[in-house]
């Protein structure tokens, strides 16, 4: 379930922690395995990570279900993680999410018809000064407006 390439990446994270503390690499291990499994984590994949890190399966599952950057169902190639915490909400996130859903023809949590884009509402992404904002991959987009969202989404396609 975990490829040799993924094991190599995970091992580089394990090396950062004291011996016997390999479970500390669980977040990165889950990220690596998710990336190799069509951007989602099945129960079997989570258990494989737990087994590899020699930790209880429930502990790995707790991490995988607590953090919103892990996906448990099929997602689009690009996942728009729209911050829905207080600063973003006060600055119009709900209206912008509605605009994005209309533009893409999907509801939050769904995948666009072409399989390219998914939208997720997430809690704080730590960029309150740039609210409202969303994240695609490792890139943050701040001070969003409908025009900015249209440009960003059009460039994804």
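The values are calculated or read from the model by the stated rules, or taken from the named source; none is laboratory data. Predicted model, so just to flag it, every value in this text is computed and none were measured. Note that we place each Cβ from the backbone using ideal geometry, even for glycine, and neighbour counts take in every protein chain shown.
Here are some notes:
- Top-ranked residue of segment 59-85 - restricted to ones that are in a helix (DSSP H, G or I) and in contact with a helix residue (DSSP H, G or I) (Cβ under 8 Å, 6 or more places away or on another chain), ranked as farthest from residue 38 (Cα to Cα): 59
- Selection status of residue 41, in a helix (DSSP H, G or I) and closer than 29 Å to residue 100 by Cβ: no
- Qualifying residue in segment 62-76 (condition: over 27 Å from residue 144 (Cα atoms) and either in contact with a strand residue (DSSP E or B) (Cβ under 6 Å, 6 or more places away or on another chain) or crowded, with 17+ Cβ neighbours inside 10 Å (or both)): yes
- Matching entry among 23, 3 (being under 24 Å from residue 138 (Cβ atoms) and modelled with pLDDT of 95 or more): 3
- Residue, farthest from the chain's Cα centre (by Cα), within segment 119-135, restricted to residues that are closer than 19 Å to residue 67 by Cβ and surrounded by fewer than 16 Cβ atoms within 10 Å (Cβ to Cβ): 126
- Figure legend. Inter-residue proximity from segment 95-116: first residues in the same structural domain as residue 133 (by TED's automatic domain parsing), second residues part of a helix (DSSP H, G or I) and surrounded by fewer than 17 Cβ atoms within 10 Å (Cβ to Cβ), beta-carbon distance below 7 Å, spacing 6+ or different chains. Indicated pairs: 96/146; 99/146; 103/150; 107/101; 108/101; 116/156.
- Taken together, the criteria exclude residue 35 from residues that are at pLDDT 95 or above and assigned to a helix (DSSP H, G or I).
A quick yes/no check of all residues on (1) under 29 Å from residue 32 (Cβ atoms); (2) touching a helix residue (DSSP H, G or I) at 6+ places or on another chain (Cβ under 7 Å); (3) not in a strand (DSSP E or B):
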{"residue": "87", "(1), (2), (3)": "no, yes, yes"}
{"residue": "94", "(1), (2), (3)": "no, no, yes"}
{"residue": "97", "(1), (2), (3)": "no, no, yes"}
{"residue": "101", "(1), (2), (3)": "no, no, yes"}
{"residue": "119", "(1), (2), (3)": "yes, yes, no"}
{"residue": "135", "(1), (2), (3)": "yes, no, no"}
{"residue": "144", "(1), (2), (3)": "no, yes, yes"}
{"residue": "154", "(1), (2), (3)": "no, no, yes"}
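- Selection count, segment 37-53, where residues are within 24 Å of residue 115 (Cβ to Cβ) and more than 14 Å from the chain's Cα centre (by Cα): 5
- For the condition closer than 28 Å to residue 24 by Cα and not assigned by TED's automatic domain parsing to the domain that holds residue 11, residue 122 qualifies.
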